């Protein structure tokens, strides 16, 4: 195959390449942005100097006021061996941006973040002829949950509903596609209902736009209970989202590689698609920081690859280009997981999975 020039050609190349080796996702965006020690004025730039509320910490704003920083972060990850750059759009929805009174910027944030990642990919492909770099368009979980009440005194209360999530995710997805994303990554899923709204929105956008990108799904096991925050086990979660026939299913965030391993093994056995894992650099210490070194983490996730239980590896909170470089090197000794043939059954789920014989 000649070097892919269009998004459609890159997607075809991706589907071929994932069968041949373990692919590498990038690492944490927030960790890298923190290293620039940006202040309030840096986040505002000239464009938002008169914005009425504080914006420091709104990392998605970086794509509009400091795009060179964003492109450079992506470059560092690509040069460290990442195949995918995840767009800086974790909170780029109207719902999440409401905290900063920047709801109307959500679409533009998605477009420009995807463009920054694509620009970095193009640079790396020129630096290394023959290499293909992918852009994973990120849809984050938002800062609200459709399944759980935020008020312990009113269990029936919700501060968001399915329809509002659907509208927000639909807008974000359109922006990611316009900006040049190769895949859509619905990640850090702690509430399956939020994820289902996102997936419904993504599929509707695909139909309306006459385009279809690979869908990547990554849930979050929030603690040692082995469940998402909304209560589902990994198998029940898979049963809830497998109808979209995703390119990959996996887990990220909350856990380190050691704690995540058993849950990735479960998905590897039951999922008839690619499996991804991008854990944190260990568990946070008492200061909320992550201490696992690149060497320590790469040894742990390298075993995921050598055991043949993953197709895609990367890092989440606390990881840096050094972590990704070590992970990419460790993954070379592994082999791409073979996708299993799963017996056809009616598979349902509540908090637990159910398969009808």
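Based on what the data block shows, is residue 92 under 16 Å from residue 63 (Cα atoms), out of contact with any strand residue (DSSP E or B) (no Cβ under 7 Å at 6 or more places or on another chain) and at pLDDT 95 or above? Taking the combined requirement at face value, the residue satisfies it. Yes or no: the range 115-132 includes at least one residue that is under 22 Å from residue 219 (Cα atoms) and either in contact with a helix residue (DSSP H, G or I) (Cβ under 9 Å, 6 or more places away or on another chain) or not in a helix (DSSP H, G or I) (or both). The answer is no; no qualifying residue exists.
Taken over the range 293-312, the criterion of being outside any helix (DSSP H, G or I) and touching a strand residue (DSSP E or B) at 6+ places or on another chain (Cβ under 6 Å) is satisfied by 310, 311, 312. Is it true that some residue in the range 242-253 is at pLDDT below 95, surrounded by fewer than 18 Cβ atoms within 10 Å (Cβ to Cβ) and either on the phi > 0 side of the Ramachandran plot or assigned to a strand (DSSP E or B) (or both)? For the range 242-253, residues at pLDDT below 95, surrounded by fewer than 18 Cβ atoms within 10 Å (Cβ to Cβ) and either on the phi > 0 side of the Ramachandran plot or assigned to a strand (DSSP E or B) (or both): absent. Among the residues of the range 319-333, none qualifies, meaning not one is surrounded by 15 or more Cβ atoms within 10 Å (Cβ to Cβ), touching a helix residue (DSSP H, G or I) at 6+ places or on another chain (Cβ under 7 Å) and over 16 Å from residue 82 (Cα atoms).
Evaluation of residue 258 against the conditions (1) more than 16 Å from residue 141 (Cβ to Cβ); (2) buried (at least 21 other Cβ atoms within 10 Å of the Cβ) shows that the sole unmet condition is (2).
Listed residues 161, 151; which is within 30 Å of residue 352 (Cα to Cα), at pLDDT below 95 and more than 17 Å from the chain's Cα centre (by Cα)? I'd like the intermediate steps shown before the answer.
Details: 161 fails: at pLDDT below 95.
Just a single option satisfies the conditions, and that option is 151.
Just to be sure, is residue 144 assigned to a loop (DSSP other than H, G, I, E, B) and either touching a residue at least 60 places away in the same chain (Cβ under 8 Å) or out of contact with any strand residue (DSSP E or B) (no Cβ under 9 Å at 6 or more places or on another chain) (or both)?
yes
A single entry from 76, 56 fulfils the requirement of being loosely packed, with under 15 Cβ neighbours inside 10 Å and modelled with pLDDT of 95 or more: 56. Being more than 20 Å from residue 316 (Cβ to Cβ), out of contact with any strand residue (DSSP E or B) (no Cβ under 9 Å at 6 or more places or on another chain), assigned to a helix (DSSP H, G or I) and free of Cβ contacts under 8 Å to residues at least 40 places away in the same chain holds for only one residue in 212, 207, and it is 207. Just a yes or no: is a residue in the range 131-144 surrounded by fewer than 20 Cβ atoms within 10 Å (Cβ to Cβ) and over 30 Å from residue 351 (Cα atoms)? Yes, the range 131-144 has at least one match.
Restricting the first member to the range 303-322 and to residues that are in contact (Cβ under 8 Å) with a residue 12 or more places away in the chain and at negative phi, and the second to residues that are surrounded by fewer than 21 Cβ atoms within 10 Å (Cβ to Cβ) and not in a loop (DSSP other than H, G, I, E, B), the beta-carbon pairs closer than 6 Å and six or more apart or on different chains are 309/265; 321/76.
Just so you know, in the range 277-289 the residues that are surrounded by fewer than 23 Cβ atoms within 10 Å (Cβ to Cβ) and either in contact with a strand residue (DSSP E or B) (Cβ under 8 Å, 6 or more places away or on another chain) or within 30 Å of residue 244 (Cα to Cα) (or both) include one that is modelled with the highest pLDDT, and it is 282. Which numbered condition in (1) closer than 28 Å to residue 196 by Cα; (2) surrounded by fewer than 22 Cβ atoms within 10 Å (Cβ to Cβ); (3) in contact (Cβ under 8 Å) with a residue 60 or more places away in the chain is the only one that residue 274 fails? So the condition that residue 274 fails would be (2). Just one residue in the set 74, 51 is under 16 Å from residue 116 (Cβ atoms) and either in contact with a strand residue (DSSP E or B) (Cβ under 8 Å, 6 or more places away or on another chain) or outside any helix (DSSP H, G or I) (or both); that residue is 74. The residue pairs whose first member lies in the range 122-137 and is in contact (Cβ under 8 Å) with a residue 12 or more places away in the chain and at negative phi, whose second member is part of a loop (DSSP other than H, G, I, E, B) and surrounded by fewer than 16 Cβ atoms within 10 Å (Cβ to Cβ), and whose beta carbons are closer than 7 Å, counting only pairs six or more residues apart or on different chains, are 124/131; 125/131.
Of the set (1) part of a loop (DSSP other than H, G, I, E, B); (2) free of Cβ contacts under 8 Å to residues at least 60 places away in the same chain; (3) under 27 Å from residue 212 (Cα atoms), all apply to residue 181 but (2).
The values are calculated or read from the model by the stated rules, or taken from the named source; none is laboratory data. As the structure is a prediction and not an experimental result, all values here were calculated from the model. With ideal geometry, Cβ positions are generated from the backbone for all residues, glycine too; neighbour counts draw on all protein chains shown.
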